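S.K.: I'd like to ask some things about the structure below.
The values are calculated or read from the model by the stated rules, or taken from the named source; none is laboratory data. A quick note: this is a predicted structure, and the numbers were derived from the prediction, not measured. Please note: Cβ atoms are built from the backbone with ideal geometry, for glycine as well, and neighbour counts cover all protein chains shown. Side chains included, ligands, DNA and RNA excluded: accessible areas come from the protein's heavy atoms. Shrake-Rupley method; radii C 1.70, N 1.55, O 1.52, S 1.80 Å.
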Amino acid sequence: SYTIVASVPFGTDPNAALEILRGIAQAQNQVNSSGGIKGVPLRVGIANDDDNPEIAQQIASNLVSNSEVLGVVGPNTSDSTLAAGTIYTSGQLVAISPTSTSVKISNFSRYVFRTVPSDFMAARTLANYMVRTLQKKNAVVFFNSQSNYSQSLKSEFVSSVSLEGGQVASEFDLSKADFSAAKSVEQATKQGAEVLMLAANTETLDKALQVVQINQKRLTLLGGDDVYTAKTLEIGREQAVGMVVAVPWHIDGDLKSDFPQKSRQLWGGDVSWRSALSYDATVALIAALERNPTRDGVQQALLSSDFSVTGASGTIRFLGSGDRNAPVQLVKIVLGSRSRTGYDFEPVR
């Protein structure tokens, strides 16, 4: 068999870990049930990195020294990907993150790739929607200064809004011990803000959802992809209706793709963007292994100008920066029954 390994946060974020593993398993199942990679089956190892950069580095060291491992899917967070990426680079082992969006990952390494669009794309899409579609010019941002992803999305949003002719009046750090959702919303209102942008990460989602509750649908809500979770629907409920979130993919976003139907048959329900982009990362590794099943071969295949494979979210090609040039999908929270919470995310048409 050819071996790849998933680096996922089972201990700290089991839902995200399961979402990622569903995508990997679907691609593995597909290739193995159709005869493998030129007759050789794909084997998948699983490592729990707890979304902890230090543990992600230890795992990277172990995988680099295990010559059987030909590629890695993960890590999940930008912080862990940047930390472990230095070790994957020195060990010349390719890692493809399906979920790390920080702009710092662009051009970071010739061995670190991602199937998810960077925060630059998400921020630009949200800013454009805010100023052009909603005709709103004044926003405040909630973010976590301790998270690379959250910092990156916040900074990109601030600059994108100003390029569109709007402004960000205030930035509120969710990680501060004295953070108060009530005081922040009050201050935002006094400053004439029309939009609350939630660039929260998983650790600060609860505080961001306090902001949603206190806002009582007065100011328009926007959010980054970490807000796209069942928890937002369960806790936000009626107060979250109308919130628009930028995600890399939605199951109803591309009506031509056969991936949604196949994933529903396999898992008995809808899969998230994390599953779709993990599937894409695995499909990319499979296509590279078909060309040359060595570590060097995989890296050269992914960087080659004629590399192209079809994934859940369209064509997969990598730029020299390790990025994939892919669009972002805006989704809105509406009343619905599919998630079994009474609320759903639906594509903004």
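S.K.: At pLDDT 95 or above, among the acidic types (D, E) and farther than 20 Å from K332 by Cα: which single residue out of D206, D178 fits that description? Outline the logic, then answer.
M.R.: Details: D206 fails: farther than 20 Å from K332 by Cα.
Unique residue meeting the criteria: D178.
S.K.: I'm told D344 meets every condition in (1) farther than 30 Å from M130 by Cα; (2) in contact (Cβ under 8 Å) with a residue 12 or more places away in the chain except one. Can you identify the failing condition by its number?
M.R.: It is condition (1) that D344 fails.
S.K.: Another one. Which is part of a helix (DSSP H, G or I) and either of a type in the set (S, T, Y) or within 17 Å of G85 (Cβ to Cβ) (or both), of A27, A56, A47?
M.R.: A56 is the lone residue from the list that is part of a helix (DSSP H, G or I) and either of a type in the set (S, T, Y) or within 17 Å of G85 (Cβ to Cβ) (or both).
S.K.: Right, another one. Does R110 satisfy the condition of being charged (D, E, K, R), closer than 20 Å to A301 by Cα and either surrounded by 22 or more Cβ atoms within 10 Å (Cβ to Cβ) or in contact with a Cys (Cβ under 8 Å, 6 or more places away or on another chain) (or both)? Step through it out loud before you land on a result.
M.R.: Values: charged (D, E, K, R): yes; closer than 20 Å to A301 by Cα: yes; either surrounded by 22 or more Cβ atoms within 10 Å (Cβ to Cβ) or in contact with a Cys (Cβ under 8 Å, 6 or more places away or on another chain) (or both): no.
Taking the combined requirement at face value, the residue does not satisfy it.
S.K.: Residues in the stretch 236-254 that are over 21 Å from the mean Cα position of the chain (by Cα) and either closer than 24 Å to P14 by Cα or modelled with pLDDT under 95 (or both): how many?
M.R.: Selection size over the stretch 236-254: 1.
S.K.: Going by what's in this entry, would N292 be described as open to solvent by 10 Å² or more (accessible area, probe 1.4 Å) and under 16 Å from the mean Cα position of the chain (by Cα)?
M.R.: No, not satisfied.
S.K.: Given the criterion open to solvent by less than 40 Å² (accessible area, probe 1.4 Å) and farther than 16 Å from V116 by Cα, identify the matching residue among A240, A246, A276.
M.R.: Of A240, A246, A276, the one residue that is open to solvent by less than 40 Å² (accessible area, probe 1.4 Å) and farther than 16 Å from V116 by Cα is A240.
S.K.: Among (1) buried (at least 19 other Cβ atoms within 10 Å of the Cβ); (2) closer than 16 Å to L42 by Cα; (3) in contact with a Phe, Trp or Tyr (Cβ under 6 Å, 6 or more places away or on another chain), there is one condition A281 misses while meeting the rest; what is its number?
M.R.: Against the list (1) buried (at least 19 other Cβ atoms within 10 Å of the Cβ); (2) closer than 16 Å to L42 by Cα; (3) in contact with a Phe, Trp or Tyr (Cβ under 6 Å, 6 or more places away or on another chain), A281 comes up short only on (3).
S.K.: Would you say L205 is closer than 29 Å to A16 by Cα, out of contact with any Lys or Arg (no Cβ under 6 Å at 6 or more places or on another chain) and among the aliphatic types (A, V, I, L, M)?
M.R.: Numbers: closer than 29 Å to A16 by Cα: yes; out of contact with any Lys or Arg (no Cβ under 6 Å at 6 or more places or on another chain): yes; among the aliphatic types (A, V, I, L, M): yes.
In short, yes.
S.K.: Let me ask something additional. Does the stretch 255-262 contain at least one residue that is without any contact (Cβ under 8 Å) to a residue 60 or more places away in the chain, buried (at least 20 other Cβ atoms within 10 Å of the Cβ), within 15 Å of V94 (Cβ to Cβ) and not β-branched (V, I, T)? I'd like the intermediate steps shown before the answer.
M.R.: Start the filter on the stretch 255-262 by keeping residues that are without any contact (Cβ under 8 Å) to a residue 60 or more places away in the chain, which leaves 255-261.
In the following step, the residues that additionally are buried (at least 20 other Cβ atoms within 10 Å of the Cβ) were identified as 259.
Still in the list and also within 15 Å of V94 (Cβ to Cβ): none.
No, every residue in the stretch 255-262 fails to be without any contact (Cβ under 8 Å) to a residue 60 or more places away in the chain, buried (at least 20 other Cβ atoms within 10 Å of the Cβ), within 15 Å of V94 (Cβ to Cβ) and not β-branched (V, I, T).
S.K.: Among what's in the stretch 296-318 and is of a type outside the set (S, T, N, Q) and open to solvent by 40 Å² or more (accessible area, probe 1.4 Å), pick the residue that is nearest to G39 (Cα to Cα).
M.R.: Top of the filtered list is D296.
S.K.: OK, next. With (1) more than 21 Å from P14 (Cα to Cα); (2) open to solvent by less than 50 Å² (accessible area, probe 1.4 Å); (3) β-branched (V, I, T) as the list, and I214 as the residue in question, which single condition is left unmet?
M.R.: With (1) more than 21 Å from P14 (Cα to Cα); (2) open to solvent by less than 50 Å² (accessible area, probe 1.4 Å); (3) β-branched (V, I, T) applied to I214, the lone miss is (2).
S.K.: Out of the residues in the stretch 82-102 meeting the condition of being in a loop (DSSP other than H, G, I, E, B) and either within 15 Å of the chain's Cα centre (by Cα) or among the aliphatic types (A, V, I, L, M) (or both), tell me which one is surrounded by the fewest Cβ atoms within 10 Å (Cβ to Cβ).
M.R.: L93
S.K.: Where the second residue is not in a helix (DSSP H, G or I) and the first is of a type in the set (G, A, S) and lies in the stretch 288-306, which pairs have Cβ atoms under 7 Å and are six or more apart or on separate chains?
M.R.: Note: pairs meeting the criteria are A301/N292; A301/F307.
S.K.: Check the stretch 62-71 and report whether any residue there is in contact (Cβ under 8 Å) with a residue 60 or more places away in the chain and closer than 19 Å to V309 by Cα.
M.R.: Yes, some residue in the stretch 62-71 is in contact (Cβ under 8 Å) with a residue 60 or more places away in the chain and closer than 19 Å to V309 by Cα.
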